[in-house]
Amino acid sequence: MTDIEKTIEIEVMRYHPEQDASPVFKTYRIPYASDQSVLQGLQYIKDYIDGTLSFRWSCRMAICGSCGVMINNQPKLSCKTFLRDYYPGKIRVEALQHLPIERDLVIDATDFINKLESIKPYIVPREARSLEQGEYLQTPEQLARYEQFSSCINCMLCYAACPQYGLKPEFTGPGVLALLHRYNADSRDGARADRMQIVNAEEGVWGCTLVGYCSEVCPKQVDPAAAVNRNKVNSTLDYFLRFLMPGGGESG
Amino acid sequence: MMKRSNEPVFWSLFGAGGVVAAFLLPMLIFITGIALPLGILPPEALAYDRIHSFASGWPGKLFLLAVISLPLWQSAHRIFLSLHDLGIHRGREFCRWLCYGTALLGTLIPLILLIRI
Ligand code: SF4
Ligand code: FES
């Protein structure tokens with residue numbers, strides 16, 4: 001058989017909160033091609049079978065972070081996951097776990113965005129520099145300290161993977177803590193003391209029980225679990241040092 | 001402002017216990033459970049007098065306390081967190097006291113016994 005004659009079944013979660021009491025699954029049969037992504041499969045359904053299907057996407061190249069869904073129960077970017085990885089089996093697509101659903105595969109990211117804003121996800125200059133003084137220079141070593149954590153694309157796959165976030169939504173969560181570390185570890189930044197208050201809280205790194213699945217599902221190899229673990233060390237130092245240092249530790 | 005967590009106390013004990021459990025316990029199990037019974041080490045190696053004098057000095061007391069107590073804190077913490085991971089929330093405070101209470105007892109009893117040697 002050529003690819004043209006082959007088909008594959010996609011089972012998609014459908015949910016319209018205004019009308020449906022709970023999500024239901026609908027199965028669609030679509031043409032199979034080995035180079036097609038699951039996102040393209042969803043687009044085929046929307047264009048040719050059922051125009052009411054809702055899902056998010058933008059870049060189609062694993063950089064915008066908007067196409068995250070559960071594929072056969074695992075959090076994945078639908079543009080980076082291919083039909084060939086499941087063929088001839090069936091594919092089951094659901095909205096990301098642990099997040100409220102707006103409609104079908106579209107989740108409500110408000111909680112994530114609020115948490116992201118709370119950590120000051122930008123460099124607060126350690127020292128003010130005038131234009132004449134030129135740019136802030138960094139050594140390769142200083143860059144290496146945060147570079148990996150700056151690759152986060154806010155896709156929230158790690159939130160769907162994190163059992164702690166599922167149990168306690170107050171938990172700041174892997175992705176935001178990884179980004180927090182990205183700024184705290186930057187030699188140009190001066191807002192570490194503010195961010196440490198979030199790190200030190202139960203809702204900060206201490207909400208993590210080191211399951212590690214977040215790092216497994218991350219499509220950008222950010223390794224949020226490593227960021228969280230490193231900040232458990234930072235928080236522990238901060239906890240005990242405040243008794244030794246007059247005026248308290250760096251975050252009082 | 002978010003409240004500072006007291007987890008660093010338990011996490012430090014957990015971490016220290018993990019190191020002891022990973023590096024020292026296998027060696028101790030080998031010595032006491034395998035090497036001595038099989039005669040790889042001479043029986044005098046752990047003779048009462050030797051161990052008694054070891055446990056009489058402060059470095060010995062500290063060592064014994066560490067290998068007994070710290071792995072208990074490690075296990076207590078891991079078990080308590082795993083209950084949460086498994087979604088078992090009933091009797092959470094009771095479990096907390098049971099886990100950390102066992103570790104605390106396993107610290108205080110050897111501590112008193114060691115001091116009295
Ligand atoms: S850490 Fe990885 S999985 Fe989590 S939001 Fe960032 S890119 Fe996505
Ligand atoms: S569409 Fe942008 S990451 Fe998948």
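With an 8 Å Cα cut-off and a minimum separation of 6 or more residues, compute the relative contact order for region A:110-244 in percent.
Working: 169 pairs, mean separation 40.8, N = 135.
Computed value for region A:110-244: 30 percent relative contact order.
Tell me the carbon and sulfur percent of the accessible area for region A:1-54, rounded to whole percent, probe radius 1.4 Å.
On the way: 1470 of 3020 Å².
The value for region A:1-54 is 49 percent carbon and sulfur by accessible area.
For region B:14-33 and region A:34-107, compute the distance between their C-alpha centroids and round to whole Å.
First find each Cα centre; the distance between them is then 47 Å.
Mind grabbing the accessible area of residue A:29 for me, 1.4 Å probe, Å², rounded to tens?
Accessible area, nearest 10 Å²: 130 Å².
For region B:96-110, in order, what is each residue's ³J(HN,Hα) by Karplus, 6.51 cos²θ - 1.76 cosθ + 1.60 with θ = phi - 60°, in whole Hz (x at glycine and Pro)?
Residue by residue, region B:96-110 yields 4, 5, 5, 5, 6, x, 4, 5, 5, 4, x, 9, 5, 4, x Hz.
Quote the FRET efficiency, to the nearest 0.05, computed for residue B:96 versus residue A:110 with a Förster distance R0 of 41 Å and r equal to the Cβ-Cβ distance.
Working: r = 32 Å, r/R0 = 0.79.
After rounding, the FRET efficiency stands at 0.80.
For chain A, what is the accessible area per residue in Å², given a 1.4 Å probe and the full set of protein chains? Provide the component values of the computation, followed by the final result.
Numbers: 12370 Å² over 252 residues.
Accessible area per residue: 49 Å².
In region B:35-83, what residues drop by 10 Å² or more in accessible surface going from the chain by itself to the full protein assembly, probe 1.4 Å?
Residues of region B:35-83 that lose at least 10 Å² of accessible area once the other chains are added: B:78, B:81.
Which FRET efficiency, nearest 0.05, do residue B:117 and residue A:145 yield, Cβ-Cβ r, R0 51 Å? Spell out each step's value before the answer.
Numbers: r = 48 Å, r/R0 = 0.95.
The formula returns an efficiency of 0.60 here.
If you place +1 on the Cβ of every Lys and Arg, -1 on the Cβ of every Asp and Glu, and leave all else neutral, what size is the dipole of chain A about its Cα centre, to the nearest 20 Debye? Intermediate values should be presented prior to the final figure.
Values: 27 positive and 31 negative charges, 56 e Å.
Dipole size: approximately 280 debye.
Got a sec? What order do A:18, A:203, A:135 fall in by accessible area at 1.4 Å, biggest, i.e. largest, first?
A:18, A:135, A:203
How about the protein assembly as shown: what cysteines have no other cysteine beta carbon under 4.7 Å from their own?
Flagged as lacking a Cys partner: A:67, A:79, A:152, A:155, A:162, A:208, A:218, B:95, B:99.
Just to confirm a number: summing +1 for Lys and Arg and -1 for Asp and Glu over residues other than residue A:170 whose beta-carbon lies under 11 angstrom from that of residue A:170, what do you get? Mind dumping the intermediate values first?
Numbers: positive: A:115, A:168; negative: A:111, A:202, A:203.
With Lys, Arg at +1 and Asp, Glu at -1, the net is -1.
Rounded to whole Å and ordered largest first, report the semi-axes of the equivalent ellipsoid of the protein assembly as shown derived from its Cα gyration tensor (root of 5λ). Let's see the in-between values first.
Values: eigenvalues 465, 170, 81 Å².
They are 48, 29, 20 Å, listed largest first.
Kirkwood Rh over Cα pairs of chain B into Stokes-Einstein at 20 °C, 1.002 mPa s: D in µm²/s? Each step should come with its number before you reach the end.
Working: Rh = 16.3 Å.
Diffusion coefficient, whole number: 132 µm²/s.
Keeping every protein chain present and rolling a 1.4 Å probe, give me the accessible area per residue for region B:58-116 in Å².
Working: 3710 Å² over 59 residues.
In whole numbers, region B:58-116 has 63 Å² accessible per residue.
Probe radius 1.4 Å, ligands and nucleic acids left out: can you give me the accessible area buried at the A-B interface, summed over both chains, in Å² to the nearest hundred?
Summed over both sides, the interface buries about 1700 Å².
How long is the gain from residue A:168 to residue A:21 if the chain were fully straight, where each residue apart is worth 0.36 nm and the alpha carbon distance is subtracted?
Working: separation 147, 0.36 × 147 = 52.92 nm, distance 2.39 nm.
Going from the current span to full extension adds 50.5 nm.
Return, ordered by residue number, the residues of region A:158-183 whose backbone nitrogen is under 15 Å from a label point located 7 Å along Cα→Cβ of residue B:86.
Residues passing the 15 Å test: none.
Taking amide hydrogens as modeled 1.01 Å from N in the peptide plane, which residues meet the under 5 Å criterion relative to residue A:14, leaving out close sequence neighbours?
HN-HN under 5 Å from residue A:14: A:24, A:25, A:26.
May I ask you to give the percent of accessible area on chain B that is carbon plus sulfur, with a probe radius of 1.4 Å? Present the calculation step by step, with values, prior to reporting the outcome.
On the way: 5750 of 7590 Å².
The computed percentage sits at 76.
Per residue in region A:169-211, which ones lose no less than 50 Å² of accessible surface when going from chain alone to all protein chains (1.4 Å probe)?
The answer is A:197, A:206, A:209 - residues whose exposure falls by at least 50 Å² when every protein chain is included.
The values are calculated or read from the model by the stated rules, or taken from the named source; none is laboratory data. As the structure is a prediction and not an experimental result, all values here were calculated from the model. Glycine also receives a Cβ, built like all others from the backbone with ideal geometry; neighbour counts cover every protein chain displayed. Ligands, DNA and RNA are stripped out before the accessible areas are found, and what is left, the full protein with its side chains, is counted by its heavy atoms. Shrake-Rupley method; radii C 1.70, N 1.55, O 1.52, S 1.80 Å.
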